[in-house]
Amino acid sequence: MAKESSHPVRRAGPHRVVVIVDENSNPFELSCAIEIFGLRRPELGRDLYDFTLCSAEPRTLMRDGFFTLSGVGDLAAAGTADTLIVPNRPDVEVPRRPAVLDAVRRAHARGARLIGYCSGAFTLAEAGVLDGRRATAHWQWADTFRARFPAVRLEPDVLFVDDGDILTAAGSAAALDLGLHVVRRDHGAEVANAVSRRLVFAAHRDGGQRQFVERPMPDLPDESLTPLLAWAQERLDARLTVADLAARAAVSAATLHRRFRAQLDTTPLGWLTAERLALACRLIERGETRFEVVARRSGLGTAANLRALMHREIGISPSAYRRRFGPAAG
């Protein structure tokens, strides 16, 4: 889980997310942005974001000429963004339009949050806003990126990087991971879980997970961890250990560890801790003010342990989290 950090200057009304679409942009990542930030969610009782698209040209040919996008605003919309999602495309050797890069620089200068999906890291680096900063990009372009932008601290093996006001994702499904991370950062775990349920997508994959994991073909068809995870999620307040999980799955602890690594790219203990911390956040958001109770009901044991884990994994204290995401914050 990434550390919480500075937020862009906010204006009145819902947080405005603007996506710049440029020639040969990837439709998939654009769709991810629309799904996460652009759809109305009446079940939540409020609008999470004000969302719009913009482009440097009246008509924009998308990747490989699949279709042409028209009817969106011009780049002036980027000047109103609280969060600006920059364009990406497969031909990373072709420079971006100067007008697009200027829009990115201006947004950064006035404090907007910037997001790059997949090869969007190239756009951010071309604009000069990534020098000395942490970022990621799709693994297949790691060598190319390093050669062109040696001043950027590239982390090529992770799903996404949250470097405060600039966030980057490795591409494809990682765009959804980063989008849900942003929703969680802006609105809390409860809202992020609601959005993920609508997407029928995992509520949380840590940004530090590897982009590509070799998964051997299973010897047996019943090695999925899904039943075990569902069983454990109903018992997070109990004193579950890795040995308990292994016994439930009827395997050795070593075998269970291998399956967690292969299927979730984490350890059984790491998964348990992350699930318990997510439950603790939801309890705080629902109005539980006694941190000893939050710690006990989430299986974290003590308020001191809750504070230590929240500081380490989220970057803020339980009290600060309550002020930001508790019932009174709405």
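Only the coordinates and a few stated rules stand behind these numbers; no lab work does. Predicted, not measured: the structure shown is a model, and the values here were computed from it. Glycine also receives a Cβ, built like all others from the backbone with ideal geometry; neighbour counts cover every protein chain displayed.
Just a few scattered comments:
- For the chain, the longest principal axis of the C-alpha atoms and the axis of helix 173-187 are separated by about 80°.
- This ranking places Ile34, Ile166 by how few other beta-carbon atoms lie within 10 Å of each, fewest first, which gives Ile34, Ile166.
- Between Gly116, Gly287, Gly45, the Gaussian network model of the chain with springs among Cα atoms under 10 angstrom shows the greatest mean-square fluctuation at Gly45.
- Cα lying deepest toward the dipole's positive end in the chain, options Thr255, Gly71, Ala304, charges on Cβ: Ala304
- With contacts taken as Cα pairs under 8 Å and at least 6 residues apart, the chain reaches a relative contact order of 15 percent.
- In the chain, the longest principal axis of the Cα atoms and the axis of helix 253-264 are about 20 degrees apart.
- Projecting the Cα atoms of Val152, Phe28, Met62 onto the charge dipole of the chain (Cβ charges, centred on the Cα centre) puts Val152 farthest toward the positive pole.
- Ratio Rg/Rh, restricted to segment 15-199 and using Cα atoms, in which Rh is the Kirkwood radius: 0.94
- The dipole here belongs to segment 221-330: it is taken about the Cα centre, uses +1 on the Cβ of Lys and Arg and -1 on the Cβ of Asp and Glu, and is about 400 debye.
- Cα lying deepest toward the dipole's positive end in the chain, options Leu84, Leu176, Gln233, charges on Cβ: Gln233
- Theoretical ellipticity at 222 nm over the chain - DSSP helices of four or more residues, -39500 (n - 2.57) apiece, nearest 500: -11500 deg cm²/dmol
- Neighbour counts of other Cβ atoms within 10 Å put Arg146, Arg46 in the fewest-to-most order Arg46, Arg146.
- For the chain, size of Cβ-based charge dipole, Lys and Arg +1, Asp and Glu -1, in debye: 1080
- Going by neighbour counts of Cβ atoms within 10 Å, the residues Arg41, Arg312 line up, fewest first, as Arg312, Arg41.
- (i) 55, 47, 35; (ii) 59, 50, 36; (iii) 73, 54, 42, with the label sought being that of the calculated Cα extents along the principal axes in Å: (ii)
- Simple Cβ-charge dipole of segment 15-199, Lys/Arg +1 and Asp/Glu -1, about Cα centre, in debye nearest 20: 280
- Gyration tensor (alpha-carbon) shape descriptor, segment 60-152, a/c threshold 1.5: oblate
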